[in-house]
Amino acid sequence: MPIKKWNEIKKRAVFKQTINEFNPDFIICHTHFDTSLTKIFKKCKIKLFKVIHNSFDAYEKWQINLNIYKNIVLLSNHDIDKFKTKYPNANFYIIPNFLPNISNLNTNYSQKVVVSVGRLSKEKGFLRLIDIWKLIQDSSEFKDWKLHIVGDGELKEKIENKIKDLNLTNSIILKPFTKDVESEYLSASIYAMTSHFEGLPMVLIEAQSYALPTISFDIATGPRDIIEDEKSGYLIKDNDLNEYATKLKTLMQDESLRAKMGAKSKEIVKSKFSKEVVMKQWMELFERLKNAK
């Protein structure tokens, strides 16, 4: 028997044993691909929850069939109509991810640093962030500002070469992935995200937890649920690099605006993405479904 097939059989056996041992009321599934467990899920009488971590288009691209799930939890309400149309027999709920801990620390807005954190891969859009930074650096007003890009990934060499080609080596600092990401947030006074797509970008929530004003393209899912446009930061029409640069300049020019938007950022995280707030939503949902049996 092929090793892969044998591993799938073992996985199903362990999963069935776990279900029998604990006899849970609910099972929450976070994985993208459930092929080895699909047969068990189809026969399972326990209520299943599928948590969707990406956009509807991403699931369509990956050809993932969600028909076995009667309860689907979305992190954002952006794609809910598409999911409902595709899966009319499922129940849908909106519950975001949470931050396990919200720091008491806030950043210092006098720092002339913009930071962006993430894997150096195509979907994170760092190449267009460099183009935006070039537009900003063409003005002598911002020569004393730095852009910190924190992360590792397959595009590192391409990113390094683009920084050199655009003569931005003095103003863009590439930093490797670090477990001490808190220090990176606290070293800046603005957070910039230029992803092409996201699920619910935790990096924005993390940045806002340190009271950083944030700016992002208004992509399909995620940023609109976190950033309140003109209040905690800016949402920019996707791929409008000139407008992104303009709004980023607005923040860079005004320390008091950074402080005002940063305070709103922290408020949003506490009210929407704290562990206490999100777990309460889950517990209320569990209770409601148990009582509906």
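Taking the chain as the reference, fit the longest principal axis to its C-alpha atoms, fit the long axis of helix 241-253 to the helix C-alpha atoms, and give the angle between the two in degrees, 0 to 90, nearest 10. The angle comes out at about 70 degrees.
Taking amide H positions as modeled 1.01 Å from N, with prolines and chain starts lacking one, the residues under 5 Å from Ile173 and 5 or more places away or on another chain are Leu147, His148, Ile149. Using the Cβ-Cβ distance between Ser183 and Phe286 with R0 = 41 Å, the FRET efficiency computed as 1/(1 + (r/R0)^6) comes to roughly 0.65. For a quick check: with amide H placed at 1.01 Å from N, whose amide H comes under 5 Å from Val117's, ignoring anything fewer than 5 positions away on the same chain? For Val117, the qualifying residues are Val150. Rounded to the nearest 5, the antiparallel percentage of DSSP beta bridges internal to the range 171-293 is 0%.
In plain terms, the bigger the Kirkwood radius, the slower the diffusion; for the range 113-272, with that radius from Cα pairs, at 20 °C and 1.002 mPa s, Stokes-Einstein puts D at 139 µm²/s. Lys and Arg at +1, Asp and Glu at -1: add these up for the other residues within a Cβ distance under 12 Å of Ser274 and post the number. My count for the surroundings of Ser274 gives +3. Considering only Ile28, Ile80, Ile136, give the residue with the highest GNM mean-square fluctuation for the chain, with springs between Cα atoms whenever their separation is below 10 Å. Result for the chain, Cα springs under 10 Å: Ile28 fluctuates most.
Tell me, what is the FRET efficiency for Asn23 and Asp57 to the nearest 0.05, using R0 = 35 angstrom and their Cβ-Cβ distance as r? Don't jump to the answer; show the numbers that get you there.
Values: r = 37 Å, r/R0 = 1.07.
Between Asn23 and Asp57 the formula returns 0.40.
Normalised by residue number, the volume inside the convex hull of the Cα atoms of the range 211-291 is 82 Å³ per residue.
Prolate is the label for the range 34-183. Its Cα gyration tensor axes, ordered a ≥ b ≥ c, give a/c of at least 1.5 and a/b above b/c.
For the chain, find the longest principal axis of its Cα atoms and tell me its angle to the long axis of helix 255-272, 0 to 90°, nearest 10. Compared with the principal axis, the helix lies near 10 degrees.
Put simply, the amide H of Asp218, placed in the peptide plane, has neighbours under 5 Å in Ile236, Lys237, Asp238, leaving out anything fewer than 5 places away on its chain. Structure note, pairs Lys84/Lys179; Lys84/Lys264; Lys50/Lys247; Lys47/Lys82; Lys158/Lys260: Cα-Cα distances above 30 angstrom occur for Lys84/Lys179; Lys84/Lys264; Lys50/Lys247; Lys158/Lys260.
Dimensions of the chain along the principal axes, based on C-alpha atoms and rounded to the nearest Å, stand at 66, 45, 36, largest first. A Förster radius of 25 Å, combined with the Cβ-Cβ distance separating Asn104 from Val277, puts the computed FRET efficiency at roughly 0.90. What is the distance in Å between the Cα centroid of the range 136-208 and that of the range 92-125? When both Cα centres are located, 12 Å separates them. Modelled spin labels at Ile46 and Asn89, positioned 7 Å past Cα toward Cβ, are 2.2 nm from each other. The C-alpha atoms of the chain define a longest principal axis, and helix 3-22 lies at about 70 degrees to it.
None of the figures in this text is laboratory data; all of them are computed from the coordinates on show. Every value quoted in this text rests on a predicted model; they were computed, and no experiment measured them. Cβ atoms come from the backbone with ideal geometry, glycine included; neighbour counts cover every protein chain shown.
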